[in-house]
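Visitor: Pasting a structure here, questions to come.
Each reported figure results from applying straightforward, stated rules to the coordinates on display, with no laboratory input. Since we're looking at a predicted model, the values are computed, not measured. Every residue, glycine as well, gets a Cβ built from its backbone with ideal geometry; the counts of neighbours run over all protein chains shown.
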Amino acid sequence: MKRKVIGELGDIDRVLSLIRTKATGSTEQLAARLGISKRSVERIMSDLRDDGFPIEYCKNNHHYYFAGEVKYEFNVVIYGQDLVNIRGGRNHSICGEDEYPMAQRRWS
């Protein structure tokens, strides 16, 4: 079970990192990149939006982006051992505008 949860955190971090850097491409391209179905990508985006992430899709440039400032942190500590520590964030930008991503990851 631990492996599954940690793996899912890594997958979420990857999706958020691709969104932050506007490197998702279209829904179909993101699905191919992640090795999942288009419907799975749509479900992930819906779940992230339900959790409060301001994710939008730019129809002009064909990528997902954050429509507001986003900072996130995931920590997994078991018996005092820091297994996963993921932090990321970015400045607010609109579709097509340059941004300056900031992220730190540490996998133990």
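Visitor: Take LEU9 and tell me if it is part of a helix (DSSP H, G or I), in contact (Cβ under 8 Å) with a residue 12 or more places away in the chain and either among the aromatic types (Phe, Trp, Tyr) or farther than 14 Å from TYR64 by Cβ (or both).
Guide: Here the answer is yes, as LEU9 does meet what is asked.
Visitor: Looking only at the stretch 30-56, count how many residues are surrounded by 15 or more Cβ atoms within 10 Å (Cβ to Cβ) and of a type outside the set (Val, Ile, Thr).
Guide: The qualifying residues number 8.
Visitor: Quick one: in the stretch 56-83, of everything that is of a type in the set (D, E, K, R) and not in a strand (DSSP E or B), which residue is farthest from SER26 (Cα to Cα)?
Guide: By that ranking, first place goes to GLU69.
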